[in-house]
Amino acid sequence: MAPVTGVGDRMHALVERLYPLCRSITGDGVRATLDVVGECLPLEVHEVPTGTQVLDWTVPQEWNIRDAYIADPAGRRVVDFAASNLHVLGYSVPVATTMPLAELREHLHTLPDQPALVPYRTSYYTPTWGFCLAQEVLDALPEGDYEVRIDSTLADGHLTYAEHVVPGQVADEVIVSCHTCHPSLANDNLAGIAVAVSLAQELAQQTPWYTYRFIFAPGTIGAITWLARNTERVDRVRHGLVLACAGDRGQLTYKQSRRGDAEIDRVLRHVLAVSERPHQVNEFTPYGYDERQYCSPGFDLGVGSLSRTPYAGYPEYHTSADNPDFVTPEAMEDTLAACREAFAVLDRNRRYTNLSPYGEPQLGKRGLYDSLGGRSDAKQAQMAMLWVLSLSDGEHSLLDVAERSALPFDTVAVAADALREAGLIKAGGG
Amino acid sequence: MAPVTGVGDRMHALVERLYPLCRSITGDGVRATLDVVGECLPLEVHEVPTGTQVLDWTVPQEWNIRDAYIADPAGRRVVDFAASNLHVLGYSVPVATTMPLAELREHLHTLPDQPALVPYRTSYYTPTWGFCLAQEVLDALPEGDYEVRIDSTLADGHLTYAEHVVPGQVADEVIVSCHTCHPSLANDNLAGIAVAVSLAQELAQQTPWYTYRFIFAPGTIGAITWLARNTERVDRVRHGLVLACAGDRGQLTYKQSRRGDAEIDRVLRHVLAVSERPHQVNEFTPYGYDERQYCSPGFDLGVGSLSRTPYAGYPEYHTSADNPDFVTPEAMEDTLAACREAFAVLDRNRRYTNLSPYGEPQLGKRGLYDSLGGRSDAKQAQMAMLWVLSLSDGEHSLLDVAERSALPFDTVAVAADALREAGLIKAGGG
Amino acid sequence: MAPVTGVGDRMHALVERLYPLCRSITGDGVRATLDVVGECLPLEVHEVPTGTQVLDWTVPQEWNIRDAYIADPAGRRVVDFAASNLHVLGYSVPVATTMPLAELREHLHTLPDQPALVPYRTSYYTPTWGFCLAQEVLDALPEGDYEVRIDSTLADGHLTYAEHVVPGQVADEVIVSCHTCHPSLANDNLAGIAVAVSLAQELAQQTPWYTYRFIFAPGTIGAITWLARNTERVDRVRHGLVLACAGDRGQLTYKQSRRGDAEIDRVLRHVLAVSERPHQVNEFTPYGYDERQYCSPGFDLGVGSLSRTPYAGYPEYHTSADNPDFVTPEAMEDTLAACREAFAVLDRNRRYTNLSPYGEPQLGKRGLYDSLGGRSDAKQAQMAMLWVLSLSDGEHSLLDVAERSALPFDTVAVAADALREAGLIKAGGG
């Protein structure tokens, strides 16, 4: 399929629209984000109360923030939440006081090696407060007493996440998960959200084989909450993909599931190799995004992660430089295309059983041979039929056939359809 | 074993003698071919009636042809079956008519890219008629009315194939199969027939372990017929080799069975590697010769295929250039030698169980050590005994021992014989 | 652990002290050797009577020798056991006679290609006598009658071997075996004995997990005797190492067990690779030292062999040039260090089961995260914890974790300890 014209621009516009919202692992910024996503896709939004036990964790208090600033001795706001929500340490407790710069410094976070950038920092589970600012701004501050104010609340409330389901022909599910907890960071993870939205819109135009479930949830605690509330559904999750850092200019990176040989791993490796995109395939590691949770040994799901430059691999990572200019329509379109290609394989990748396995069946008498003529694509179609017949022993999938025959997956899938219609193969094991 | 002097010339003489006969998948040309082979080897010839159901196929009507030609407006035979049986499309229905060249062209087959050569074409299952000729002959034909005559019959009859069996010490079988359906093509497959004949003659001089069954049958429908009539015997077929394109000047090519790790695959890979012949080992593909049928997923036999330049891989393939000059005594001798070497390994490649597996048995007290002295071949023989003892756990074969020890298979097999005679190992699992 | 200062010199002193003793597969030279070793380590010495059936072998008569020489026609001792015990063919029967040089030659062994060196030869199971001498000495002998005398006894007695056990926390055993049957050869195997002694002394300072059993026994017949008398204990032998040729200046060589993927094989490969020592890892072969017996197919123990230049791989092998100058304190220290490093991994290499396998457990609330700060070693410690949690499914060992994470084994083991103390993992399968 050719990329849909304009989808890159639409994804970028979504990134820009979501960018100013102050997301965290809970709070109204998440709700506002899901409201915007909900304009693109019907969402089922879940609110999970503070204190709910979720696996080994507990849903924390909800954090909301209205304003925050540091004013210098002259009363000028030198650090201002209104300018960028990165300026406040995520989950800062409220504060309203005045203190000398020397004392304030203990609450200030900078990046000495990137003096013009504001870092992104949080403290979800250790109550404290802080500000993030550019080192060069800090360096210019005169000594003196500073007014410090964070107008935030930490109170019982809810953790908010959302799901969108594209129903398939079977109840077996593919999950697509992206984290929604980062404030003004574009690649991490507004680009992932935007790609997920477009992917869901495209799938809704089809009747896919699998049921596709899109999960928009805060990182770690959100995925853990979803898993805790879906322990039975997990048995139906056949495959999954975590989308993160989906929009920068780097090449595509697929991080394999913990299993390493899950079908999603094979599909992504195949699609990326066949497409001749420059790309990288990485082994699983137990750090990164929510594949950590889906692939924890108790679940061990076949969930990989697709990124461009991966987790923590670019200098703009977790800084104010990860802004909408850092992500491009073209990069997001390419990530979307890779997902589209992967799901086109995954969704048709079935095992068949040859119903005429003793010798070759006579294709000619079924009109599967005569009609072929001598054209090169007809010859390829015939080879694809012979390959599908040869390997349809209930063990090999169509992807196995494609890889072993070096034929395009699509050619193989079309051949399988023809053979199935002719009654020569049936889906499933013997 | 050194090659038998003169066997190459004898094989080439057989190719030349068989070359003029008009073979097809049925008919008297096949019978005449088997008569000649029968002068070299006792054959059991089978006649299977038209209409017999064989697996998914049906034995077709028998085709015979006496004469065929095209005469130009001046009455000269410009295309004549008497000159080469390739000139007639195989299985052509009879025709006796006159038609203008323009109309006749629809029944003419040429090779525009090889204008001096006559192609080989057939239409077994779609009733039609046609002639094959050189493009340059066609180009020289004047317009006008041409007399066209094919004196053929298509009638109920039989499909003919033959078997030759070299009895072994066990009922387990090795099959050697070659197709007999091509008319005047030398490499494809008179060379294969000639190598099979010489191989059978050599094996008959021995008392091999396995029973060796040579199958001379038309391609596809013949192998399918054999399989259909031998469904119980198939369980006894342990290994097999399809011989085709066995005489051209190219290097040896072994095409592995569908299983890829069948014992025949390992044996051929070993023998070709050890011999230091230039050669190629190819993966299984579901097109080629009758390995397609033997390796169909219902049977999935350990049957590979040995060729020189493989199936469709040379410009002379299926043309009048595949004539006796295209195959050489030396090439056929080399193919025969490779078969001989492979069967020498296969036939002795057994698993043993060490009857004294706790610690090394004392070789000296059994005279297996003292007699060795310090000669290098004696040292190798002793190492071979230690290797056989070490790996005779009922799982490793002598070929495993040879490969792991890097000792010649023959040395290993001789060591195993000595250990067996000394009562230190026994054939088979624990 | 840093190498213990001076251990190399102590090992070399032990080699020098043991060097003059005339060891064989039985006899007082073995006892004297074990007396010296017993000064370093408490030993349990076993005496097994002549005639005892041990697996396929029988304990031979005991050999002792007091004196031996060849005197030339002038009465000068031209070959003298008192100068080097290598001069007598091991297990020589007694002889006292005079014979012309021509006749004597049949009993003389030399190394024509190394004319200055005395070879080491034995004839344990074929009764005969002989002398070993330098070719250049032989060449200088005048014709004439020579007095020949070997004052030896071959009589019923015992085969002597010894064990030293370092008790562990579990009854599962690691054996360290070295052969004690070679007379004045330093690398083969006094260096192995010396390294084993130091290794045992170090282990005795710890409370290792495994019970470590050091076996000092004659080659082949000694290992066979130990195995025959310990058939029940063998089931508790989890791992083992044969130490031989442990002191020459060559690089370390690890020869894998017959299984090739035994835990000891993986540990040695890992330790040698990580240490960045130049080294070699060899496949198992059924010749060499007593790994032959431990790895015989009936036992098939996970026993590898650690050497420097391996068995028969150096020109000094089995000659008078394998003297104390041929082995160095530094080389023995390095071999000892490799053993120490390997056993440090082996002894802690356990499988764990994650007790909180659904999602990641919250490390912070258990103090496993907060305390980390931002130091690089703290980050590594945290990654190690995540890796251990991810792979603790009862199947992966800590070595698997170290290899997959590319983290040092020690870091992984420390992380596992912390997780175990926090109740997040338990030893063993699920």
Return the residues of the range C:390-419 that are within 14 Å of chain A (Cβ to nearest Cβ) and in a loop (DSSP other than H, G, I, E, B); say none if nothing qualifies.
C:S392, C:A406, C:L407
Output the residue which, of all residues in the range B:257-287 that are open to solvent by 10 Å² or more (accessible area, probe 1.4 Å) and within 14 Å of chain A (Cβ to nearest Cβ), is modelled with the lowest pLDDT.
B:Y287
Can you tell me which residue among C:P310, C:P324 is modelled with pLDDT under 95, away from chain B (no Cβ under 14 Å) and within 28 Å of the chain's Cα centre (by Cα)?
C:P310
Any residue that is farther than 19 Å from A:R308 by Cβ, within 14 Å of chain C (Cβ to nearest Cβ) and in contact with a Ser or Thr (Cβ under 7 Å, 6 or more places away or on another chain) - is there at least one of those in the range A:158-178?
no
Give the range A:365-389 a look and list any residue that's within 11 Å of chain B (Cβ to nearest Cβ) and modelled with pLDDT of 90 or more, or say none.
A:K365, A:R366, A:Q382, A:M383, A:A384, A:M385, A:L386, A:W387, A:V388, A:L389
Taking into account only those residues within the range A:338-364 that are hydrophobic (A, V, I, L, M, F, W, C) and crowded, with 20+ Cβ neighbours inside 10 Å, which is nearest to the other protein chains (Cβ to nearest Cβ)?
A:L363
Given (1) modelled with pLDDT of 95 or more; (2) farther than 27 Å from B:Q53 by Cα; (3) surrounded by 17 or more Cβ atoms within 10 Å (Cβ to Cβ), A:L424 misses just (2)
Touching a Gly at 6+ places or on another chain (Cβ under 9 Å) and among the aliphatic types (A, V, I, L, M): does that describe A:L185?
no
So the strands (runs of 3 or more DSSP E) completely within the range B:129-179 holding 3 or more residues that are charged (D, E, K, R) and closer than 23 Å to B:V95 by Cα are B:145-155
Is at least one residue of the range A:389-406 open to solvent by 50 Å² or more (accessible area, probe 1.4 Å), under 36 Å from the mean Cα position of the chain (by Cα), farther than 30 Å from A:A194 by Cα and among the aliphatic types (A, V, I, L, M)?
yes
Scanning the range A:302-337 for residues that are buried (at least 23 other Cβ atoms within 10 Å of the Cβ) and among the aliphatic types (A, V, I, L, M) gives A:V303, A:L306, A:V327, A:A331, A:M332, A:L336
Scan the range C:228-239 for residues that are away from chain B (no Cβ under 11 Å), surrounded by fewer than 24 Cβ atoms within 10 Å (Cβ to Cβ) and either touching a residue at least 24 places away in the same chain (Cβ under 8 Å) or within 12 Å of the chain's Cα centre (by Cα) (or both) and jot them down.
C:R229, C:R233, C:R236, C:V237, C:R238
Some residue of the range B:56-75 being charged (D, E, K, R), touching a residue at least 24 places away in the same chain (Cβ under 8 Å) and within 20 Å of B:A186 (Cβ to Cβ):
no
Quick one: which of B:P3, B:P42, B:P60, B:P100 is more than 17 Å from B:D151 (Cβ to Cβ) and modelled with pLDDT under 95?
B:P3
Subset tally (residues that are in a helix (DSSP H, G or I), within 14 Å of chain C (Cβ to nearest Cβ) and open to solvent by 30 Å² or more (accessible area, probe 1.4 Å)) for the range A:198-227:
0
Based on what the data block shows, is C:Y125 among the aromatic types (F, W, Y), out of contact with any Ser or Thr (no Cβ under 9 Å at 6 or more places or on another chain) and either open to solvent by 30 Å² or more (accessible area, probe 1.4 Å) or closer than 30 Å to C:R229 by Cα (or both)?
yes
Selection within the range A:51-91 - within 14 Å of another protein chain (Cβ to nearest Cβ) and open to solvent by less than 30 Å² (accessible area, probe 1.4 Å):
A:V54, A:D56, A:W57, A:V59, A:P60, A:Y91
What are the residues in the range B:241-262 that are of a type in the set (A, V, I, L, M) and under 12 Å from the mean Cα position of the chain (by Cα), if any?
B:L241, B:V242, B:L243, B:A244, B:A246
Kindly check whether there is at least one residue in the range C:240-247 that is in contact (Cβ under 8 Å) with a residue 60 or more places away in the chain, part of a loop (DSSP other than H, G, I, E, B), open to solvent by 10 Å² or more (accessible area, probe 1.4 Å) and of a type outside the set (D, E, K, R).
no
Determine whether the range A:95-110 contains at least one residue that is free of Cβ contacts under 8 Å to residues at least 24 places away in the same chain and within 29 Å of the chain's Cα centre (by Cα).
no
Of these, A:D72, A:D56, which one is of a type in the set (D, E) and within 25 Å of C:G359 (Cα to Cα)?
A:D56
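The values are calculated or read from the model by the stated rules, or taken from the named source; none is laboratory data. Model, not experiment: these values are computed from the prediction. Note that we place each Cβ from the backbone using ideal geometry, even for glycine, and neighbour counts take in every protein chain shown. The area values use the complete protein model at the heavy-atom level, side chains included, leaving out ligands, DNA and RNA. Shrake-Rupley method; radii C 1.70, N 1.55, O 1.52, S 1.80 Å.
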